[in-house]
């Protein structure tokens, strides 16, 4: 009897172990994907001023460390409205047209990229999305830019910051003073510029060359005209002389003949 019960006990233990493993795998597949890029705020409220945002990009690579993090700012936050508060040693923030890049010496493998930025004021919205692209020293790129669609959690979700309603009386502040100011009327008047509708009146090299060529053409035309007139005068003068000579020739001959005849008669 004792020999027959031992195989049954072993089989039971195997069934229990297999069931536990299957349950663990099922729960793992059913659980939503954990975010690997996150954002938090010390004052998560719409229209809050001087807010510190804390970002964490979790390291996933087993062979390389982070070298830069690229973030697209949500509408309502301009690159000129943010400043770097804290970050990895040697990393610097560079503003872009639609956000910023934080980059520097590669972090050690397995070290998360953590940093903080200061925002002048949060916009009056319910949530803010910070699409993030991470780059590792070996060239690997992770893009946390997806948003939930159809109630399904994305595989690589973008960091999202939920905001409370704005405080009573809160209003948007003026534009950031760090933005490039427009020229004042006095400055604009003191530094006139040439626009497309107002072409430059100063002569160009092409204009000068064209004027010179025109002047040379006029000079050549005038000279040629004078030469033609001179030649015409010479031709006419020669023809008149010949005609006078021709007409006066017979008269002189007849005069000489008459003189000879008078002499003979005498």
(Q) Residues that are modelled with pLDDT under 60 and assigned to a loop (DSSP other than H, G, I, E, B): does the stretch 47-55 have at least one? (A) no
(Q) It is to be established whether one or more residues within the stretch 67-74 are more than 21 Å from residue 172 (Cβ to Cβ), assigned to a loop (DSSP other than H, G, I, E, B) and in contact (Cβ under 8 Å) with a residue 40 or more places away in the chain. (A) no
Q. In the stretch 48-71, how many are more than 17 Å from residue 88 (Cβ to Cβ) and crowded, with 16+ Cβ neighbours inside 10 Å?
A. 2
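The values are calculated or read from the model by the stated rules, or taken from the named source; none is laboratory data. In this text the structure is predicted, and so the values were computed from the model without any measurement. Glycine also receives a Cβ, built like all others from the backbone with ideal geometry; neighbour counts cover every protein chain displayed.
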